[in-house]
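**Q** Let me begin by handing over the structure; questions about it come next.
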Amino acid sequence: MNDKQSGGRANIGTSSLILIFIILCLTIFGLLSLSSAGSDWNLAQKNAQSIKGYYEADSQAVEFAAMVEAELLECALSSSSEEVYQHMVKERMKEKLGGCYDETSNTVWKDVDMLYGQKLHVELEITGEEERGYRILAWNVYQSEDYEIDRSMPVWSGS
């Protein structure tokens, strides 16, 4: 009857193969962009935490500077001469800050903990009675813990 009828053979044309290939490519590119978006989101969250940690530490450092400024103002108001002012400043700073005051260089400092093993270092130099205040010597972030990069690479050894 019909000699040219193929038994059980699928007739897939060129256009169908191209369509299947295009769908497969679009699916793969969609999955890759979804993975990339997830990685970008995680990086953005980590960056937001780091920035939030910095500004929290910075606000503590500003409070420290304000405390030092208030103590210096109180010393200046209750002193009659430069010598009395300097003596009062030394006594107050030793009392309030203890080991974070250097008498020889007339500086105070504070280290504020941050995320990922970092600290914010603030160092202030106390000026004379004429200027009545302090000068910022350092206000920087440094790595307080040893940072080791994992250089091991899990490579198949063949066994």
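The values are calculated or read from the model by the stated rules, or taken from the named source; none is laboratory data. Being a predicted model, the structure only gives us computed values, none of them experimental. Backbone-built Cβ (ideal geometry, glycine too); neighbour counts: all protein chains shown.
**Q** If you check every pair at least six apart or on different chains, which have Cβ atoms under 6 Å apart with a residue in region 50-61 that is under 14 Å from Tyr116 (Cα atoms) and in contact (Cβ under 8 Å) with a residue 60 or more places away in the chain first and a residue that is buried (at least 16 other Cβ atoms within 10 Å of the Cβ) and not polar (S, T, N, Q) second?
**A** Gly53/Met114; Ala57/Val112; Ala57/Met114; Ala57/Leu120
**Q** Further question on the same structure: Restricting to region 100-116, give me the number of residues that are outside any strand (DSSP E or B) and over 27 Å from the mean Cα position of the chain (by Cα). Show your work before the answer.
**A** Kept after step one, since they are outside any strand (DSSP E or B), are these residues of region 100-116: 100, 103-106, 114-116.
Those left that are additionally over 27 Å from the mean Cα position of the chain (by Cα): 103-106.
Residues that pass the stated criteria total 4.
**Q** Moving on. Select from region 89-109 the residues that are among the charged types (D, E, K, R) and loosely packed, with under 11 Cβ neighbours inside 10 Å and write down the one among them that is nearest to Arg135 (Cα to Cα).
**A** Taking the candidates together, the pick is Glu103.
**Q** What are the residues in region 131-159 that are surrounded by 13 or more Cβ atoms within 10 Å (Cβ to Cβ) and either among the aromatic types (Phe, Trp, Tyr) or more than 30 Å from Asp113 (Cβ to Cβ) (or both), if any?
**A** Arg132, Tyr134, Trp139
**Q** Kindly list the number of the only condition in (1) closer than 19 Å to Trp139 by Cβ; (2) in a helix (DSSP H, G or I) that fails for Asn47.
**A** (1) is the only condition that Asn47 fails.
**Q** Of the numbered conditions (1) under 20 Å from the mean Cα position of the chain (by Cα); (2) more than 16 Å from Ala61 (Cβ to Cβ); (3) not in a loop (DSSP other than H, G, I, E, B), Asp146 satisfies every one except a single condition; which is it?
**A** (3)
**Q** Any residue at all in region 111-126 that is among the basic types (Lys, Arg), within 29 Å of Tyr55 (Cα to Cα) and buried (at least 16 other Cβ atoms within 10 Å of the Cβ)?
**A** Checking region 111-126: at least one residue is among the basic types (Lys, Arg), within 29 Å of Tyr55 (Cα to Cα) and buried (at least 16 other Cβ atoms within 10 Å of the Cβ).
**Q** Here's a follow-up. Here's a check for you: in region 41-88, which residue that is among the aromatic types (Phe, Trp, Tyr) and at pLDDT 85 or above is surrounded by the most Cβ atoms within 10 Å (Cβ to Cβ)?
**A** Phe64
Residue-wise test of (1) of a type in the set (A, V, I, L, M, F, W, C); (2) at pLDDT below 90; (3) in contact with a helix residue (DSSP H, G or I) (Cβ under 8 Å, 6 or more places away or on another chain).
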{"position": "Arg92", "(1), (2), (3)": "no, yes, yes"}
{"position": "Glu95", "(1), (2), (3)": "no, yes, no"}
{"position": "Gly98", "(1), (2), (3)": "no, yes, no"}
{"position": "Asp111", "(1), (2), (3)": "no, no, no"}
{"position": "Ile126", "(1), (2), (3)": "yes, yes, yes"}
{"position": "Ala138", "(1), (2), (3)": "yes, no, no"}
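**Q** Considering only region 78-88, state which residues are assigned to a helix (DSSP H, G or I) and either within 13 Å of Gly128 (Cα to Cα) or within 34 Å of the chain's Cα centre (by Cα) (or both). Lay out the reasoning, then the answer.
**A** If we filter region 78-88 for residues that are assigned to a helix (DSSP H, G or I), which is where we start, we get 78, 82-88.
Within region 78-88, Glu82, Glu83, Val84, Tyr85, Gln86, His87, Met88 qualify.
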